[in-house]
Amino acid sequence: MIRRTTMLAALGLLALAGVALAEVAFAQGAATGTAEVIAQRRAGLKRMGQHMEAMKPVVEAGGEVKSLEPRIDDMITWFRGLPALFPPGSDAGDTKALPAIWQDFGRFESLDQALLGQLAQMKQAAAADDKTGFATLYKSLGPQYCGTCHRPFRAR
């Protein structure tokens, strides 16, 4: 009887140890996943800024904007996936994202959709090599779209 009780107690301890290890592994995986998604969104947003910087001298010089289509395509593709880069729990770590994103996620998504609409218009202007139209759209992109999202949702 003592042997059976000892055996059951040992099995119980092993089961608890297994659960504890699983919880630690899950927590570490979640932390790693969070760090990875934060790194993805930081790198992507940096790339979007580089696209904007590359467009600026073309716009200022009144240059040929058709060549900017691939940059706009990349921006459209990236911003379509932006909301997915803000899963619950990715508000801690190396991020400037404010809690307001998760508190008002609908507004965050709505601003992203508005930005996508502006980028679609820029793509049309670039495809037509409409320098004036593209310049007008480009000049409003930063303050009206990027800034509208950065102000409420990004820490400085």
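Worth a mention:
- Hey, Lys131 of a type outside the set (Asp, Glu), in contact (Cβ under 8 Å) with a residue 40 or more places away in the chain and in contact with a Gly (Cβ under 7 Å, 6 or more places away or on another chain) or not: yes
- Top-ranked residue of region 42-73 - restricted to ones that are under 14 Å from the mean Cα position of the chain (by Cα) and open to solvent by 20 Å² or more (accessible area, probe 1.4 Å), ranked as nearest to Leu137 (Cα to Cα): Gly49
- Leu115 vs. criteria modelled with pLDDT of 95 or more, among the aliphatic types (A, V, I, L, M), in contact with a Ser or Thr (Cβ under 7 Å, 6 or more places away or on another chain) and within 25 Å of Pro152 (Cβ to Cβ): no
Table: residues versus (1) within 17 Å of Asp73 (Cα to Cα); (2) open to solvent by less than 20 Å² (accessible area, probe 1.4 Å); (3) under 15 Å from the mean Cα position of the chain (by Cα).
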residue: Glu109; (1), (2), (3): no, no, yes
residue: Gln113; (1), (2), (3): yes, no, yes
residue: Leu119; (1), (2), (3): yes, yes, no
residue: Met122; (1), (2), (3): yes, yes, no
residue: Ala125; (1), (2), (3): yes, yes, no
residue: Asp129; (1), (2), (3): yes, no, no
residue: Phe134; (1), (2), (3): yes, yes, no
residue: Tyr138; (1), (2), (3): yes, no, no
residue: Leu141; (1), (2), (3): yes, yes, no
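- Check on Gly63, farther than 26 Å from Thr34 by Cβ, in contact (Cβ under 8 Å) with a residue 24 or more places away in the chain and out of contact with any helix residue (DSSP H, G or I) (no Cβ under 7 Å at 6 or more places or on another chain): yes
The values are calculated or read from the model by the stated rules, or taken from the named source; none is laboratory data. These numbers come from a predicted model, not from an experiment. Note: ideal-geometry Cβ built from the backbone for every residue, glycine included; neighbour counts use all protein chains shown. Ligands, DNA and RNA are stripped out before the accessible areas are found, and what is left, the full protein with its side chains, is counted by its heavy atoms. Shrake-Rupley method; radii C 1.70, N 1.55, O 1.52, S 1.80 Å.
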